[in-house]
1. Filter region 146-165 down to the residues that are touching a residue at least 12 places away in the same chain (Cβ under 8 Å), among the charged types (D, E, K, R) and assigned to a helix (DSSP H, G or I) and list them by number.
2. Within region 79-100, which residues are surrounded by 12 or more Cβ atoms within 10 Å (Cβ to Cβ), closer than 15 Å to residue 21 by Cβ and of a type outside the set (A, V, I, L, M)?
3. Among what's in region 15-68 and is among the charged types (D, E, K, R) and under 15 Å from residue 113 (Cβ atoms), pick the residue that is surrounded by the fewest Cβ atoms within 10 Å (Cβ to Cβ).
4. Would you confirm, using the coordinates I've provided, whether residue 74 is touching a residue at least 12 places away in the same chain (Cβ under 8 Å), touching a strand residue (DSSP E or B) at 6+ places or on another chain (Cβ under 9 Å), over 22 Å from residue 147 (Cβ atoms) and not in a loop (DSSP other than H, G, I, E, B)?
5. Among the residues of region 1-14, write down those that are surrounded by 16 or more Cβ atoms within 10 Å (Cβ to Cβ), modelled with pLDDT of 95 or more and either in a strand (DSSP E or B) or not hydroxyl-bearing (Ser, Thr, Tyr) (or both).
6. Is it the case that some residue within region 91-102 is touching a helix residue (DSSP H, G or I) at 6+ places or on another chain (Cβ under 8 Å) and over 14 Å from residue 39 (Cβ atoms)?
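The values are calculated or read from the model by the stated rules, or taken from the named source; none is laboratory data. Just so it is clear, the model here is predicted, and its values are computed rather than measured. FYI the Cβ positions are ideal-geometry reconstructions off the backbone, even for glycines, and counts take in every protein chain you see.
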Amino acid sequence: MYYFAYGSNMLTRRLNAAERGPSARAIAVGSLLGRQLRFHKVGLDASGKCDIAPSDVTVDCVYGVVFEISRAEKLALDRLECAGGGYRSMAISVQVASEAVAAETYVAQRISPELKPFHWYKALVIAGAIEHGLPADYVDRLRAVASIEDPDEARWRSHRALLEPS
């Protein structure tokens, strides 16, 4: 099945972590029209995580990566992403080149517009966008998102480790 990642799961190394989707492989870059990327999803760590918010502007677009993932791993990812009511899984149609592809993704259940992402989380999103060649102006918009320091040093060190060469 296909899974559309638009946040930190775009980074293949993060998505391939054992508890997420170890066999997931990138198929293509895709986009969702009429959506905006927002970092307003209430994270379990009280920071802002990515969400694909509906937009009234039809030319608004969220870019991401379509991954092929086994149904069993998608169910495990559902448990991880939906734990505590954070996200809900949703069927979508992603634009890939000139065709629409059926995929599943996650949308936030609880949002708070004043939240900001931690520096490490934003860095994971940017790294995934760069890894998969998302448009340069889109990556620049990601870089412009305000972020904050994570007060939990052990947590930020473990997540930042995903950005280091293996």
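1. Scanning region 146-165 gives 155, 160.
2. Once the filter is applied, which keeps residues that are surrounded by 12 or more Cβ atoms within 10 Å (Cβ to Cβ), closer than 15 Å to residue 21 by Cβ and of a type outside the set (A, V, I, L, M), region 79-100 yields 81, 82, 87, 89.
3. So in region 15-68, the residues among the charged types (D, E, K, R) come out as 19-20, 25, 35, 38, 41, 45, 49, 51, 56, 60, 68.
Right, trim to under 15 Å from residue 113 (Cβ atoms) and you get 38, 41, 49, 51.
Working: 38: 19, 41: 24, 49: 25, 51: 23.
The extreme case among them is 38.
4. Criteria met by residue 74.
5. Within region 1-14, 2, 3, 4, 5, 7, 9, 10, 11 qualify.
6. No.
This table checks each residue for (1) hydrophobic (A, V, I, L, M, F, W, C); (2) modelled with pLDDT of 95 or more; (3) assigned to a helix (DSSP H, G or I); (4) touching a helix residue (DSSP H, G or I) at 6+ places or on another chain (Cβ under 9 Å).
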position: 41; (1), (2), (3), (4): no, yes, no, no
position: 49; (1), (2), (3), (4): no, yes, no, yes
position: 105; (1), (2), (3), (4): no, yes, no, no
position: 120; (1), (2), (3), (4): yes, yes, yes, yes
